[in-house]
Amino acid sequence: MLTSSLLLLASLGAGIAQAQTLEELYLENAPSSPRPYVIPHYANSHSVTIGSQLYRFTVTGPSSDNAFTLMSTNSPSSGDLGVLPHIHRKHYENFFAYKGRFQLWAQKGDGEQQARLLTQGDYGSVPRNTTHTFQTLDPDCEMVGVISPGGFEDLFYALGTNYTSGTDTPFVPQASNGSSSPSASVISSLQKYDVYAQLSFEPRRDLVNGTAPVDDSEWHTGANELGTPGEPYFIANGYGPKYLNSKYGYQIVQPLVTPKQSQDTNYTLSTMILSRTTKASPPEWTLNGAAAFEVLEGVLSIKIGDYPEATLYNGDVAFIPANTAFTYYTSVAFTTVLYVSSGSKGVDTQLIRGGKSWDYTTFPKY
């Protein structure tokens, strides 16, 4: 009897020792292999500077098993391009304006060059083999990048200078010292990082009301559709297709990239607007691909695996490895998140499939 009691106590002690803690869930840097984690906004996660731009990598190739990279670019305004025009042959790149104004250019082959002025919540899609570049226009700009497959951060590690901050300032408070782009000779040598310079590209400057060309473009004036696979496209904040799902409290999904657009890069990207949960407990999800949430507005509660529930605020990122159970919800009236998922069966895809087409950026009052 005594032996059995000792064994029971030892077993309980081992369980307590192995329990995951909230402190262990929160990290300063994305880990070197997949595991659940949360990184607060402006943490120094693998941060590097290139010129006046500060890059942070909250999800990396190693942390996501090369599913995708999630990064942020913070910088002041600049009179120069943020990077020399270039293409990627293997990576699909996505630009999402978190705050401030950005100008984004994209051109596929001999097609007409597209340009948009992106403001908060606007999105630009840059598929493979698309010439692109950008420019920051406001004193405090933050752009979220999603790149699939993962690992593209190696380019920035090669070009940048390691950065740490005791105050987690968004970027170094200094005047822009010209272009943050490397020289033409340097960028031309970066093909091993899937960067192929397009030095003859001339960004157009004939934008009218934030768009060029102007004859067939709705930009903050009308609906934007998801683009043809392989072609660049842009979606203004709230003007893309939307779907309302009311099974677990109201959620409005605005897809930015579906399995149709991502093709063999195999991921989805959406914004999701959540109402306060009306159910006794939120549903549990287990996906066969990695996923991540970044809070854009409001508060997100999330429980991943055996870790205690975490509370995320604006800019915080949560990463969920493949085949890991998680739940999420909001306890405030209105929360918006950016959601990325590896594979074709992410939460956004499932909510769209179980929802209905919706015309609004808010949910019903009952």
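Residues are listed down the side, and each one gets a yes or a no for (1) closer than 27 Å to TYR157 by Cα; (2) open to solvent by less than 40 Å² (accessible area, probe 1.4 Å):
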residue	(1), (2)
VAL195	yes, yes
ASP206	no, no
PRO213	no, yes
GLU218	no, no
ALA223	no, no
GLY227	no, yes
GLY230	no, yes
GLY238	no, yes
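Can you run down the residue pairs with Cβ atoms below 9 Å, 6 or more apart or on separate chains, where the first is in the stretch 156-169 and in contact (Cβ under 8 Å) with a residue 60 or more places away in the chain and in a loop (DSSP other than H, G, I, E, B) and the partner is among the aromatic types (Phe, Trp, Tyr) and surrounded by 14 or more Cβ atoms within 10 Å (Cβ to Cβ)?
GLY160/TYR55; TYR163/TYR55; SER165/TYR42; ASP168/TYR42; THR169/TYR42
Please state which one of GLY150, GLY121 is outside any strand (DSSP E or B) and closer than 24 Å to VAL186 by Cα.
Checking each option against the conditions leaves just GLY150.
Which residues, counting only those in the stretch 243-295, are closer than 20 Å to SER344 by Cβ and among the aromatic types (Phe, Trp, Tyr)?
TYR243, TYR267, TRP285, PHE293
Considering only residues of the stretch 1-43 that are aliphatic (A, V, I, L, M), part of a loop (DSSP other than H, G, I, E, B) and at pLDDT 95 or above, which is farthest from the chain's Cα centre (by Cα)?
Going through the qualifying residues, I end up with LEU27.
Can you name the condition, by its number, that ALA212 falls short on among (1) within 22 Å of the chain's Cα centre (by Cα); (2) closer than 19 Å to ALA106 by Cβ?
Among (1) within 22 Å of the chain's Cα centre (by Cα); (2) closer than 19 Å to ALA106 by Cβ, the lone unmet condition for ALA212 is (1).
Please find, within the stretch 46-57, the residue that is farthest from PRO170 (Cα to Cα) out of those that are open to solvent by less than 20 Å² (accessible area, probe 1.4 Å) and not aliphatic (A, V, I, L, M).
Ranking the qualifying residues of the stretch 46-57, first place goes to PHE57.
Could you check, for the stretch 68-88, whether at least one of its residues is in contact with a Lys or Arg (Cβ under 7 Å, 6 or more places away or on another chain), open to solvent by 40 Å² or more (accessible area, probe 1.4 Å) and not hydroxyl-bearing (Ser, Thr, Tyr)?
no
Write out, first by first residue and then by second, each pair whose Cβ atoms fall under 7 Å of each other, whose residues are 6+ apart or on separate chains, and whose first residue, in the stretch 222-240, is in a loop (DSSP other than H, G, I, E, B) while the second is of a type in the set (Val, Ile, Thr).
Once the first residue is in a loop (DSSP other than H, G, I, E, B) and sits in the stretch 222-240, its partners that are of a type in the set (Val, Ile, Thr) give ASN224/ILE235; LEU226/THR258; PRO232/VAL126; PRO232/THR130; GLY238/THR361.
For (1) in contact (Cβ under 8 Å) with a residue 60 or more places away in the chain; (2) farther than 20 Å from SER33 by Cβ, each residue gets a yes or a no:
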residue: PRO282; (1), (2): no, yes
residue: THR286; (1), (2): no, no
residue: GLY289; (1), (2): yes, no
residue: GLY298; (1), (2): no, yes
residue: LYS303; (1), (2): no, yes
residue: ASN314; (1), (2): yes, yes
residue: ALA318; (1), (2): yes, no
residue: THR324; (1), (2): yes, no
residue: TYR328; (1), (2): no, yes
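Considering only the stretch 260-366, give the strands (runs of 3 or more DSSP E) lying wholly within it that have at least 3 residues that are surrounded by 21 or more Cβ atoms within 10 Å (Cβ to Cβ) and under 17 Å from the mean Cα position of the chain (by Cα).
It comes to 267-275, 291-297, 317-320, 334-342.
For the stretch 269-280, which residues satisfy the criterion of being more than 19 Å from PRO259 (Cβ to Cβ) and touching a residue at least 40 places away in the same chain (Cβ under 8 Å)?
ILE273, LEU274, SER275, ARG276, THR277 - these are the residues of the stretch 269-280 that are more than 19 Å from PRO259 (Cβ to Cβ) and touching a residue at least 40 places away in the same chain (Cβ under 8 Å).
Taking the condition of being modelled with pLDDT of 95 or more and farther than 25 Å from TYR360 by Cα, how many residues in the stretch 214-225 meet it?
So the count comes out to 0.
I need a count of the residues in the stretch 109-123 that are surrounded by fewer than 21 Cβ atoms within 10 Å (Cβ to Cβ) and of a type in the set (D, E, K, R).
Total satisfying the criteria: 2.
If only one of TYR98, TYR123 is under 14 Å from the mean Cα position of the chain (by Cα) and within 17 Å of GLY227 (Cβ to Cβ), which one is it?
Values: TYR98 fails: within 17 Å of GLY227 (Cβ to Cβ).
One residue alone meets the criteria, TYR123.
The values are calculated or read from the model by the stated rules, or taken from the named source; none is laboratory data. These figures come from a predicted structure and were not determined experimentally. As a convention, Cβ positions derive from the backbone with ideal geometry for all residues, glycine included, and neighbour counts pool all protein chains shown. Areas reflect the complete protein model, heavy atoms only, side chains present, ligands, DNA and RNA absent. Shrake-Rupley method; radii C 1.70, N 1.55, O 1.52, S 1.80 Å.
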